[in-house]
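Just below is one structure, and these are the notes that go with it.
The values are calculated or read from the model by the stated rules, or taken from the named source; none is laboratory data. This one's a predicted model, so the numbers in the text were calculated from it and none came from an experiment. As a convention, Cβ positions derive from the backbone with ideal geometry for all residues, glycine included, and neighbour counts pool all protein chains shown.
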Amino acid sequence: MIDSEVIKGFSGIDALALFWFALCWLGYSIYARKTSRRRPCLSSIMATHRKAWIDSLLKRNNRVGDAALLGNLERNVSFFASSTLLVIAGLLAALGSGDDIVAVTDNLPFAMAVTEHGWETKLLLLSTVFVYAFFKFSWSLRQYGFASVLIGRAPIYDEIDKDAAQQFSVHAAQVISRAAQAFNLGLRAYYFSLAYLLWFLNPWIFMLASATVVGVLYRREFRSRVLNALEQVIK
């Protein structure tokens, strides 16, 4: 339970900033998920490439390279998962130094006065963002482990009928895509956590940064040059 005194340091503008932050994050997540079903984006294009990858894998007797590629993906997720635990530990340790942090930030430009209880509330909320990210990263890691098992048992294309090969290819690619999606959600939490840091200085700047993150994510997922290049490979 959070002490009621902690909530006292939470001003009206802070509540508005937090609402805007949640609206940006959740709103963009819902928009991206629904829009990806109607138009090309990084997640939908990469899902197509993963399907093609598994199709090619089934026609190879040697899958060492495929296992190495999947292992590289797992290492990337593992790095973020372990780093997130360190961030959470640091944030929890900072909870006992609220008075020192307030003294430092009071002298920074554009900083608005915040009580020690307000800082504690913001640190607790930031910790929940990284806890969410850790759960996404750890779930992504487990799903990549499932995909490793599927690659290990992948049949030889010539030894099964085409319908069975197609079915295996579709479902194996879906497992990898779901792992990638969980990893992407964890990364998205990192993007928004960078905007969140500005809340410790000024809630208005924090709201502007949250909207900026939405713009950056939209451009990268729906308007980026790499998306265009990935589409051209399919064509």
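Values for this structure:
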{"item": "One residue from L125, L58 being closer than 22 Å to A195 by Cα, surrounded by 14 or more Cβ atoms within 10 Å (Cβ to Cβ) and modelled with pLDDT under 95", "result": "L125"}
{"item": "Options V233, V131, V213, V149: the member that is out of contact with any Cys (no Cβ under 6 Å at 6 or more places or on another chain), touching a residue at least 60 places away in the same chain (Cβ under 8 Å), surrounded by fewer than 17 Cβ atoms within 10 Å (Cβ to Cβ) and not charged (D, E, K, R)", "result": "V233"}
{"item": "Single unsatisfied condition, R37 versus (1) under 17 Å from S177 (Cβ atoms); (2) modelled with pLDDT of 90 or more", "result": "(2)"}
{"item": "Whichever residue in region 183-202 is farther than 20 Å from F135 by Cα and aliphatic (A, V, I, L, M) and, among such residues, is surrounded by the fewest Cβ atoms within 10 Å (Cβ to Cβ)", "result": "L197"}
{"item": "Tally, over region 61-82, of residues that are in a helix (DSSP H, G or I), exposed (fewer than 15 other Cβ atoms within 10 Å of the Cβ) and either without any contact (Cβ under 8 Å) to a residue 24 or more places away in the chain or in contact with a Leu (Cβ under 8 Å, 6 or more places away or on another chain) (or both)", "result": "8"}
